[in-house]
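Taking it in order: structure first as structure tokens, then the write-up.
The values are calculated or read from the model by the stated rules, or taken from the named source; none is laboratory data. Model, not experiment: these values are computed from the prediction. Quick reminder, even Gly has a Cβ in these numbers, built from the backbone with ideal geometry, and neighbours come from all protein chains shown.
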């Protein structure tokens, strides 16, 4: 945009060490390191010039998250940057709108309710063209094999947990909503979630003009793990970032993080919306517009 001195960065960092058992059928979803993850990511964002804030546990509600995203979308223009980080459980619910090939929607397990993946996808449509968006999700994430794990819960999850614990330590906890609890929640809250999906546009009807880079904590057939100080993914990210010494692009950053993690958990790199190569090759968390983009 003409007349602007420099691009602007806004960031939001979400960390939930537990959820509201009233909504989640008595399940508290207790974790240890997610609030630390959010605080550490807020520190990085602040050091890079972002206007940063966190939503921790009770404050991490669906209303608060969506409201902040909407406000950021109104404030950000061409070449601006929105950073969103999440640390908590991942979940899945039956797809009432038949949007998913396997009949499941993925969710972030927020304090008051689950945020359905299509809600987040639709939110990106509020951002103007050439706004850069980076999402870092330290939770179990989407994928066909992960979905199969949730469809057939106990045996597969047990084997995955056993492999992860064997290579990373017994004190780690899986960051997903247990399938039996998920089924109970949906039974009790079907009207709520079905209404959310009906009101949320189908992905093929959503026009995304911004560029979104998503780095998730694990691959389709893996489980993201919580640790004692940080989640396994966030701990590796902090080491790879090395207090700002890392100088490569985002895909290189993902690879550096993966090299610091056990083979049982490897981050997943995805592009959503308009692909901007200059964005992908810039230094992580840099609000400064890459030279290639500035010259275009």
Residue check, residue 37 in contact with a strand residue (DSSP E or B) (Cβ under 8 Å, 6 or more places away or on another chain) and either assigned to a helix (DSSP H, G or I) or farther than 19 Å from residue 7 by Cα (or both): yes
Residues (assigned to a helix (DSSP H, G or I) and touching a strand residue (DSSP E or B) at 6+ places or on another chain (Cβ under 8 Å)) located in the stretch 191-204: 193, 196, 197
Residue in the stretch 157-185 that is surrounded by the most Cβ atoms within 10 Å (Cβ to Cβ), counting only those that are at pLDDT 90 or above and within 22 Å of the chain's Cα centre (by Cα): 175
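Would you confirm, using the coordinates I've provided, whether residue 239 is in a helix (DSSP H, G or I), within 20 Å of the chain's Cα centre (by Cα) and surrounded by fewer than 18 Cβ atoms within 10 Å (Cβ to Cβ)?
On the way: in a helix (DSSP H, G or I): yes; within 20 Å of the chain's Cα centre (by Cα): yes; surrounded by fewer than 18 Cβ atoms within 10 Å (Cβ to Cβ): yes.
It is true that residue 239 is in a helix (DSSP H, G or I), within 20 Å of the chain's Cα centre (by Cα) and surrounded by fewer than 18 Cβ atoms within 10 Å (Cβ to Cβ).
Conditions (1) within 21 Å of residue 32 (Cα to Cα); (2) in contact (Cβ under 8 Å) with a residue 12 or more places away in the chain; (3) in a helix (DSSP H, G or I), marked per residue:
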site: 189; (1), (2), (3): no, yes, yes
site: 208; (1), (2), (3): no, yes, no
site: 212; (1), (2), (3): no, yes, no
site: 220; (1), (2), (3): no, yes, no
site: 262; (1), (2), (3): yes, yes, no
Whichever residue in the stretch 36-93 is without any contact (Cβ under 8 Å) to a residue 24 or more places away in the chain and within 17 Å of the chain's Cα centre (by Cα) and, among such residues, is surrounded by the most Cβ atoms within 10 Å (Cβ to Cβ): 64
Failed item, numbered, when residue 77 is tested on (1) modelled with pLDDT of 95 or more; (2) in contact with a helix residue (DSSP H, G or I) (Cβ under 9 Å, 6 or more places away or on another chain); (3) not in a strand (DSSP E or B): (2)
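Does residue 265 meet the test of being at pLDDT below 95, surrounded by 15 or more Cβ atoms within 10 Å (Cβ to Cβ), in contact with a strand residue (DSSP E or B) (Cβ under 8 Å, 6 or more places away or on another chain) and under 20 Å from residue 175 (Cα atoms)?
Working: at pLDDT below 95: yes; surrounded by 15 or more Cβ atoms within 10 Å (Cβ to Cβ): yes; in contact with a strand residue (DSSP E or B) (Cβ under 8 Å, 6 or more places away or on another chain): yes; under 20 Å from residue 175 (Cα atoms): yes.
Judged against the criteria, residue 265 is a match.
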